[in-house]
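Since every read-out is calculated from the coordinates, none of them should be taken as a lab result. Computed from a prediction, not measured in an experiment: that's the story for all the values here. So basically every Cβ, Gly included, is an ideal-geometry build from the backbone, and we count neighbours across all protein chains shown.
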Amino acid sequence: MKKLGDFNIPFVGLKQGKHFFKYKIDNSFFEAFNYDEFNSSSIDVTIEFDKKSNLLELNFISTGTVNVLCDLSSEPYDQSIEGKLDLIVKFGEAYNDENEEILIIPHGEYQINVAQYIYEMIILSVPAKRIHPGIEDGSLDSEIIEKLKELEPKEAKKDKEETDPRWDTLKKLLTDK
């Protein structure tokens, strides 16, 4: 299991300018947050850390795949994801994370833990509705898909012969204006 302490970035010793940090995320990372929606995951996260004299700019970029269950068929599949998150860190009197784009940390701090931001970025980059690609192109053979096709409503024929004659008088009211 990855320790969340591995995601601390000590910025006090860094020179001003851009620095890059890379992380490889797998399911052990999500276990630390008690999140078990993914069967497996393989995600690369890159953080561009720009240290300035009075603030820090962090640009998070993630790419990879997570293995999830399809919402329609419950079949597992690999969902590719991409995420981006920008964060500005300012220094102030007290810790304040009310704004999702600006983090205020006390003046005495010497490091920042980015695990929570990585977690949120990845979770939000997974689609809300997860549909197996085999369902969209029709190549997935599954018992559940066959049952859904069997139970789907049949198309009603729109011939005039099969309409209920009681409705015909009402339909005339729509056309007689």
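Calculate the dipole size of the chain relative to its Cα centre from +1 charges on Lys and Arg beta carbons and -1 charges on Asp and Glu beta carbons; express the result in debye to the nearest 20.
Working: 22 positive and 35 negative charges, 110 e Å.
I would put it at about 520 debye.
Once you have a ≥ b ≥ c as the square roots of the Cα gyration tensor eigenvalues for the range 104-143, tell me rounded if a/c is under 1.5, and otherwise prolate or oblate according to whether a/b is larger than b/c.
prolate
So what are the radius of gyration and Dmax for the Cα set of the range 57-159, in Å?
Reported Rg and Dmax, both Å: 22.1, 79.
Which ordering of His19, His107 is given by a fewest-first count of other beta-carbon atoms within 10 Å?
Neighbour counts put them in this order, fewest first: His107, His19.
Bin width 5 Å, alpha-carbon pairs only: give the P(r) of the chain as whole percents, running from 0 to the bin holding the largest distance.
Bins of 5 Å from zero give 1, 6, 13, 13, 12, 9, 8, 6, 6, 5, 4, 4, 4, 3, 3, 2, 0, 0 percent of pairs.
Using 5 Å bins from zero, what percent of all Cα-Cα pairs in the range 47-105 falls into each bin?
5, 15, 18, 15, 11, 9, 10, 9, 6, 3, 0
To make sure I understand, if each residue's beta carbon is the centre and we count other beta carbons within 10 Å, what order do Ser28, Ser73 fall in, fewest to most? Please list the in-between numbers first.
Details: Ser28 11, Ser73 19.
Neighbour counts put them in this order, fewest first: Ser28, Ser73.
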